[in-house]
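Quick notes on the structure that follows.
The values are calculated or read from the model by the stated rules, or taken from the named source; none is laboratory data. Note that this is a predicted model, so its numbers are computed, not measured. FYI the Cβ positions are ideal-geometry reconstructions off the backbone, even for glycines, and counts take in every protein chain you see.
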Amino acid sequence: MEAKPCGTEPVWVSVALRVLGNALEGSCAPSTVWFKESSQKNLRSRDFLVPRGALKKSFPDGEVPEDIIQRLTSLAVRGLPPMKKCLQSEAGLVVQLDRPAVFHRVLKDLTPYLKPLPSVDDGHDIIILNCAALHSSAHLDAFRLSHLRAAVLADHLAEVLTLTGKQVYRVPTVLCKEVEGFFSQLGISWPCSVDTPSLEDTILGFKDFLKDYIKNSHDVDCTPSPDVISVQLKTFAEKHNLCLQGYDSNLDFFLVNEEDLRQVARLQRSVQETVQTSPCTVLHIVSCEDEFHQQKLDLLWRLMIPSTGDVAQKHLICGPVKVLNSTSPIGCSQYFQLRKSQMLEASVMKYGESVQGESWNDIINSLTSAAIKFELMATPHRSQVNLNLEEANITTKGTKSGAFVMYNCARLATMFDHYNGAVSQGFYPEFPPAAELNYSSLREEGEWLLLFNYIVMFPEVLSQSAQMSTSSGGIRVTANTEVVCKFLVSLSMDFSCYYNRVHILGEPLPHLFGQMFARLQLMKAVQSTLHTALKTLHILPLTQI
């Protein structure tokens, strides 16, 4: 039996769905019947619902016995949000939460809501992220937009996986100074260094191994040049009973050059350098045009290092990036400069001649970085990204853009600056402790929407963004790399609607301070959520605009 809450435990939607489902176990399917409401219209009257159609499968005419309703109302479980009432309605079985109590439980301490939910141990604590495009990026011009998309996704995955407690290692290091500078400008945090001399010895050893392997295997020598070694991968896989589920059926001869061996050497070194205290997964993050080649490298590694069979290799494939209405290829640098010029033009149109100087240059760079990352990440990673570089609504307020999120971060920062300025002038008192505030004054629909759909849900969003099917069959995995961007855009839109409608900083009258402080504490929670989510994208939130 779970202990009753003492009123200090964090509240979790996932716990609520599980507990409410278990309470109906035996009469309805647990946890699959209840769902959380999210639309502003439905949240006016309910927070959780079992639709009447689902109830009819277990109860005559869909009518739930009163004793079951009483049992639901009296539930007291750690993590369960405090309930106000449970009743039968035309829509079905409805639960409405004690909203002032939920506001108090959440807003008095935001710490639990700024990190993922406790994760279930999947046995893979060490993740090596291999951003495949970086192996062959000798200069920035060779780094295509599809490569940039893979790098941005890898950068984000490294952050969210680390938040869930994984040990994350990123390979390869960035070797090209041009690419390193571009990454720094865009806010991609990836290690930079040069290959160590010992790598050359490993490559020579690989060459000798392959020559002996071919000789002993009596493979046909179809090597086109002395610098290339031909390997029959399919023969190797069949000989060693390797499962090729998910691999391309055309995978056979691999003409291995020194650059291929160098990539494998880097991966092998990364595995050797990690602390092998638990199973290790190597996640290859690959653009779709390089997928076939990465599969060959996968098998080549297994061939040359048999112990690699103990390392799970998975492939996360990024769909193509297509530039619309363009007759010539667009490079990464050109893409960045174009978006930057558009951000500058939009800012000048809005703010006039004040858009100049060092601080504004930093603002424009931040807006550009946010715009690009949201463009490349808001689409599921397997799907194609379509870029319209002539799009007219790339502005600081386009509601689907990263720049719009940044704009709302700046609005919050400006509001708190105004509050602090008013405190220093004696208009407002100092902010009281969050636990002492009266949250019963938060009765606006938009206030509950921000708390229930975003602040309370943020740990689950972070957990979802780190979920991958690494233990499934086959080599491909899917990840929810788009959820944080979508969450940020949706939160920004609902915050903007609320901010435009509600006057948060009221008149400096004592009888209005209670509601103002409660609203400001809610806005602190919104701001902390925005900043934490942006941090997973390595985007610095704007403090002014």
Of all helices (runs of 4 or more DSSP H) fully inside region 126-220, the set with 1 or more residues that are in contact with a strand residue (DSSP E or B) (Cβ under 9 Å, 6 or more places away or on another chain), assigned by TED's automatic domain parsing to the domain that holds H293 and acidic (D, E) is 145-163, 177-186
State whether the residues of region 531-541 include one that is at pLDDT below 95 and surrounded by fewer than 21 Cβ atoms within 10 Å (Cβ to Cβ). yes
Yes/no for V264 being of a type in the set (A, V, I, L, M, F, W, C), closer than 25 Å to L199 by Cα and modelled with pLDDT of 90 or more:
yes
Note on region 506-544: residues closer than 18 Å to N420 by Cβ and not assigned by TED's automatic domain parsing to the domain that holds M406 are P541, L542, T543, Q544
Considering residues that are closer than 25 Å to F209 by Cβ, touching a residue at least 24 places away in the same chain (Cβ under 8 Å) and surrounded by fewer than 23 Cβ atoms within 10 Å (Cβ to Cβ), the number found within region 283-294 is 3
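Which one of V50, V64, V15 is modelled with pLDDT of 80 or more, over 25 Å from L107 (Cβ atoms) and in contact with a Gly (Cβ under 6 Å, 6 or more places away or on another chain)?
On the way: V64 fails: in contact with a Gly (Cβ under 6 Å, 6 or more places away or on another chain); V15 fails: over 25 Å from L107 (Cβ atoms).
Unique residue meeting the criteria: V50.
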Reported set for region 340-369 where residues are outside any helix (DSSP H, G or I) and either touching a Leu at 6+ places or on another chain (Cβ under 9 Å) or at pLDDT 80 or above (or both) is V355
Matching residues in region 408-432 (farther than 30 Å from A371 by Cα and either in contact (Cβ under 8 Å) with a residue 40 or more places away in the chain or assigned by TED's automatic domain parsing to the domain that holds S38 (or both)) number 6
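What tally of residues in region 37-81 results from selecting those that are within 15 Å of L97 (Cβ to Cβ) and small (G, A, S)?
As a first pass, look at region 37-81 and keep what is within 15 Å of L97 (Cβ to Cβ): 37-38, 42-49, 72-77, 79-81.
Narrowing the set further to residues that are small (G, A, S) leaves 38, 45, 74, 76, 79.
Count: 5.
Among the residues of region 34-48, is any aromatic (F, W, Y) and either in a helix (DSSP H, G or I) or touching a His at 6+ places or on another chain (Cβ under 9 Å) (or both)? I'd like the intermediate steps shown before the answer.
Filtering region 34-48 for residues aromatic (F, W, Y) gives 34-35, 48.
Then drop every residue that is not either in a helix (DSSP H, G or I) or touching a His at 6+ places or on another chain (Cβ under 9 Å) (or both), which leaves none.
Checked region 34-48: no residue is aromatic (F, W, Y) and either in a helix (DSSP H, G or I) or touching a His at 6+ places or on another chain (Cβ under 9 Å) (or both).
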Given (1) under 13 Å from the mean Cα position of the chain (by Cα); (2) at pLDDT below 95, I475 misses just (1)
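Among the residues in region 376-389, are any of a type outside the set (F, W, Y), modelled with pLDDT of 90 or more and part of a helix (DSSP H, G or I)?
Here is the first cut: in region 376-389, the ones of a type outside the set (F, W, Y) are 376-389.
The next check asks that each one be modelled with pLDDT of 90 or more; those that pass are 376-387.
Of the ones still in play, those that are also part of a helix (DSSP H, G or I) are 376-377.
Yes, the conditions are met somewhere in region 376-389.
Would you mind stating whether P65 is more than 22 Å from L451 (Cβ to Cβ) and either of a type in the set (D, E) or surrounded by fewer than 18 Cβ atoms within 10 Å (Cβ to Cβ) (or both)? Spell out how you get there, then give the answer.
Details: more than 22 Å from L451 (Cβ to Cβ): yes; either of a type in the set (D, E) or surrounded by fewer than 18 Cβ atoms within 10 Å (Cβ to Cβ) (or both): yes.
So P65 passes the test.
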By residue number, the members of region 470-501 that are surrounded by 23 or more Cβ atoms within 10 Å (Cβ to Cβ) and part of a loop (DSSP other than H, G, I, E, B) are T481
Residue pairs qualifying under the 6 Å Cβ cut-off, at least six apart or on distinct chains, with the first in region 123-141 being modelled with pLDDT of 85 or more and the second being β-branched (V, I, T) and part of a loop (DSSP other than H, G, I, E, B), are I126/T274
